[in-house]
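S.K.: First the structure, which I've put down as structure tokens, then a few questions once you've had a look.
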Amino acid sequence: RPYDLPGDTAALRSLAVFAERFAPTVAVDVPDGLLLDITGCDRLFGGEDRLADAVDESVRRLGFSARVAVASTAGCAWALARFGDVSLARVPIARVPIVRVPIVRVPEGAEREALAPLPVGALRIAPATEVALEELGLHTIGDLFPLPRDEVWARFGAELLDRLDRATGHASEPLVPVREEAPLEVERVFDGPVRDPRAIRGATRLLLEALCHELDAGRRGAMELRLRFRRAD
């Protein structure tokens, strides 16, 4: 189907809420990713490997192709999930079959080694910076490690060093978690006690119309509706 950024972002948020069964902190990475902070959650699933397998299996059961990477930093996991296997990373999403892709796991402290062979674009840098690096013959992340930091900062600014430090664990990267939105509510307050069933039915119909408008505006749906009546006394 045609790419729909608002619709796909809303669907991604719904998937993030679903993923909260695996970790309390799940962040949306537009346009096509989720970041889960699984710190301390592995023991609930019998280990980190089983937790990663559970995430992968659940997403595939929902009908999505998943590329899962586990690392001590969000930047390293992001890079490996997208560039760890270049043969798949370069295939358009619409053509990737729903198959099980091996999960990449990087032990803590091995981030530099895992990142070194990946292209510089795996650092989530601006396209212009990526082009400038490649023009200088700096094609992989490993090519950046020997360079003097002051020279990198002078030529490319702070963004490149910040991305590199986040990926290797030398700088923190807080995740902004998705929180499930509160249920929509609409109400009608009468001037006084109402006993006529026709008035109640009419008010209910107007409430439903208002609720449907809110749902449509937010591209949301409803699985359960609750109608509450409050007595005047």
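S.K.: Within the range 16-34, track down each residue that is of a type outside the set (Asp, Glu), under 13 Å from GLU180 (Cβ atoms) and open to solvent by 30 Å² or more (accessible area, probe 1.4 Å).
M.R.: To start, the set of residues in the range 16-34 that are of a type outside the set (Asp, Glu) comprises 16-19, 21-28, 30-31, 33-34.
Imposing the further condition that a residue be under 13 Å from GLU180 (Cβ atoms) reduces the set to 16-19, 21, 24, 26, 28.
Of everything in the range 16-34, those that are of a type outside the set (Asp, Glu), under 13 Å from GLU180 (Cβ atoms) and open to solvent by 30 Å² or more (accessible area, probe 1.4 Å) turn out to be VAL17, PHE18, ARG21, PRO24, VAL28.
S.K.: Sticking with this structure for a sec: For the range 1-51, give me the residue count where each residue is more than 17 Å from the chain's Cα centre (by Cα), in a loop (DSSP other than H, G, I, E, B) and among the hydrophobic types (A, V, I, L, M, F, W, C).
M.R.: Within the range 1-51, residues that are more than 17 Å from the chain's Cα centre (by Cα), in a loop (DSSP other than H, G, I, E, B) and among the hydrophobic types (A, V, I, L, M, F, W, C) number 2.
S.K.: Just to be sure, is ARG149 open to solvent by 60 Å² or more (accessible area, probe 1.4 Å), within 18 Å of CYS76 (Cβ to Cβ), in contact (Cβ under 8 Å) with a residue 12 or more places away in the chain and among the basic types (Lys, Arg)? Write out each step before concluding.
M.R.: Values: open to solvent by 60 Å² or more (accessible area, probe 1.4 Å): yes; within 18 Å of CYS76 (Cβ to Cβ): no; in contact (Cβ under 8 Å) with a residue 12 or more places away in the chain: yes; among the basic types (Lys, Arg): yes.
Considered against the rule, which asks whether it is open to solvent by 60 Å² or more (accessible area, probe 1.4 Å), within 18 Å of CYS76 (Cβ to Cβ), in contact (Cβ under 8 Å) with a residue 12 or more places away in the chain and among the basic types (Lys, Arg), ARG149 comes out as no.
S.K.: Under the condition of being hydrophobic (A, V, I, L, M, F, W, C) and free of Cβ contacts under 8 Å to residues at least 24 places away in the same chain, which residue from the range 37-73 is most open to solvent (accessible area, probe 1.4 Å)?
M.R.: Filtering the range 37-73 for residues that are hydrophobic (A, V, I, L, M, F, W, C) and free of Cβ contacts under 8 Å to residues at least 24 places away in the same chain, the one most open to solvent (accessible area, probe 1.4 Å) comes out as LEU44.
S.K.: Does THR140 meet the test of being touching a residue at least 40 places away in the same chain (Cβ under 8 Å) and among the polar types (S, T, N, Q)? Before the answer, list the steps.
M.R.: Values: touching a residue at least 40 places away in the same chain (Cβ under 8 Å): no; among the polar types (S, T, N, Q): yes.
Considered against the rule, which asks whether it is touching a residue at least 40 places away in the same chain (Cβ under 8 Å) and among the polar types (S, T, N, Q), THR140 comes out as no.
S.K.: LEU118 - would you say it is over 30 Å from GLY47 (Cβ atoms) and modelled with pLDDT of 95 or more? Walk me through it before giving the result.
M.R.: On the way: over 30 Å from GLY47 (Cβ atoms): no; modelled with pLDDT of 95 or more: yes.
For LEU118, the condition - over 30 Å from GLY47 (Cβ atoms) and modelled with pLDDT of 95 or more - is not met.
S.K.: Can you name the condition, by its number, that VAL176 falls short on among (1) among the β-branched types (Val, Ile, Thr); (2) exposed (fewer than 14 other Cβ atoms within 10 Å of the Cβ); (3) closer than 30 Å to VAL70 by Cα; (4) free of Cβ contacts under 8 Å to residues at least 24 places away in the same chain?
M.R.: In the conditions (1) among the β-branched types (Val, Ile, Thr); (2) exposed (fewer than 14 other Cβ atoms within 10 Å of the Cβ); (3) closer than 30 Å to VAL70 by Cα; (4) free of Cβ contacts under 8 Å to residues at least 24 places away in the same chain, VAL176 misses (4) alone.
S.K.: Among the residues of the range 182-209, how many are open to solvent by 80 Å² or more (accessible area, probe 1.4 Å), among the acidic types (Asp, Glu), in a loop (DSSP other than H, G, I, E, B) and free of Cβ contacts under 8 Å to residues at least 12 places away in the same chain?
M.R.: So the count comes out to 2.
The values are calculated or read from the model by the stated rules, or taken from the named source; none is laboratory data. Every value quoted in this text rests on a predicted model; they were computed, and no experiment measured them. Glycine also receives a Cβ, built like all others from the backbone with ideal geometry; neighbour counts cover every protein chain displayed. Only protein heavy atoms, including side chains, enter the accessible area calculation; ligands, DNA and RNA are left aside. Shrake-Rupley method; radii C 1.70, N 1.55, O 1.52, S 1.80 Å.
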